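Report on one structure; see the data block that follows.
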Amino acid sequence: MVQNWAIETEKLRKDYPGVTAVRDVDLRIPCGVVHGFLGPNGAGKSTTLRMVCGLLRPTSGTVRLMGQDPHDEATSGPGPVGWLPEIPPLYPEMGVQEFLHFAGQLHGVPRGMLTAAIARVLEQTGLGHVRHRVIGNLSKGYRQRVGIAQALVHDPAVVVLDEPTAGLDPQSVVEIRALVRSLKGHKTVVFSSHILPEVEAVCDTISIIDQGVLRVSGDLAEVKASFRGAESLQVELAQPMPEADLAWLRSQPFISSAALEGRFLRVHPRDGAEVRGELMRALVGRNVDVWGLARKGAELEDVFIRLTHKGDS
């Protein structure tokens, strides 16, 4: 059976004078998923997303959104993609409903459908009670909701959200995550974020790009499972380990890395080896009281660090 992809790119490339920002990216994202698009700063994330949305022409290669070329000027009517950049394109002096009416017109929503479209996104984003408020007087969390609403007003099949929770308070972050999850199944959402635990909590599939090259793409659980070498051991201690003992442990030949979070010690074995016995003997030899030890599967952070050269998020 032929797979119908929400987003499909082939040999997507973007060159600037003296530098290649995106290098021959082949990306396929299924319909109806929430997809995490990750990479270090300067990896080519925003450039790729802008090409996918039709905002930036590729040097070479192709993009398909629900089978359409977003760069095809002959395409009429509302486009298949909604776009929220990291800094939402809002007019602070406008009211919420007024702005959404303006955005709907820009997106090509037919006049007779605009009122219903605005009512729909006001309900989707929880903005009904502030529909007559001036955008500039809203909290940052509500302004972000307005940004998402304008990306949804033309009812696109694909929604691209670039850092939608950046700079928000914890309650707003929870609410935006819930909003993103509510779109699953109805739309394909591409979710770019620097907060890796957030991506794990929200996304079904992921891609990681580094230095313009797509390093991995696929089902989140399958990607993590394929990195058995990224498995770690979590040790519960009676009390936090002294810094001198932690430094000594990191120097051991069977240890790739070790980090302490309160009473929990997280250890990555070198080359994915079986080191539980050696680790326990080492800790007992340093008079460290151990309450428990568990094997932990690869976390997204582990995969990210292994696949990127910078390892920063």
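The values are calculated or read from the model by the stated rules, or taken from the named source; none is laboratory data. Predicted model, so just to flag it, every value in this text is computed and none were measured. In this analysis, Cβ positions are derived from the backbone assuming ideal geometry, glycine residues included, and neighbour counts consider all displayed protein chains.
Quick grid of which residues meet (1) at pLDDT below 85; (2) over 29 Å from Ala43 (Cα atoms); (3) not assigned by TED's automatic domain parsing to the domain that holds Arg13:
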{"residue": "Ala247", "(1), (2), (3)": "no, yes, yes"}
{"residue": "Phe254", "(1), (2), (3)": "no, yes, yes"}
{"residue": "Arg266", "(1), (2), (3)": "no, no, yes"}
{"residue": "Asp271", "(1), (2), (3)": "yes, no, yes"}
{"residue": "Val275", "(1), (2), (3)": "no, yes, yes"}
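Checking the stated criteria, Arg177 turns out not to satisfy the condition of being touching a Leu at 6+ places or on another chain (Cβ under 8 Å) and assigned by TED's automatic domain parsing to the domain that holds Arg120. Is it the case, given these coordinates, that Leu106 is closer than 24 Å to Thr188 by Cβ and in contact with a helix residue (DSSP H, G or I) (Cβ under 6 Å, 6 or more places away or on another chain)? Judged against the criteria, Leu106 is not a match. Out of all the residues in the stretch 52-63, is one or more more than 19 Å from Val216 (Cα to Cα) and among the aliphatic types (A, V, I, L, M)? Yes, the stretch 52-63 contains at least one residue that is more than 19 Å from Val216 (Cα to Cα) and among the aliphatic types (A, V, I, L, M). Per the conditions (1) hydrophobic (A, V, I, L, M, F, W, C); (2) over 23 Å from Ser226 (Cα atoms); (3) within 35 Å of the chain's Cα centre (by Cα), the sole criterion not satisfied by Val303 is (2).
Of the residues screened, Leu106 is one that is over 20 Å from Val174 (Cβ atoms) and hydrophobic (A, V, I, L, M, F, W, C).
Filtering Thr47, Thr59, Thr20, Thr9 for residues that are assigned by TED's automatic domain parsing to the domain that holds Pro164, over 16 Å from Pro156 (Cα atoms) and within 17 Å of the chain's Cα centre (by Cα) leaves a single hit, Thr47. Screening the stretch 1-63 for strands (runs of 3 or more DSSP E) wholly inside it with 1 or more residues that are hydroxyl-bearing (Ser, Thr, Tyr) returns the ranges 5-16, 19-30. Of the residues making up the stretch 137-156, those that are of a type outside the set (S, T, N, Q) and either in contact with a strand residue (DSSP E or B) (Cβ under 6 Å, 6 or more places away or on another chain) or under 16 Å from Leu168 (Cα atoms) (or both) are Leu138, Lys140, Gly141, Tyr142, Arg143, Arg145, Val146, Gly147, Ile148, Ala151, Leu152, Pro156. The residue that is modelled with the highest pLDDT, among those in the stretch 166-208 that are farther than 17 Å from Cys31 by Cα and of a type in the set (Val, Ile, Thr), is Ile208.
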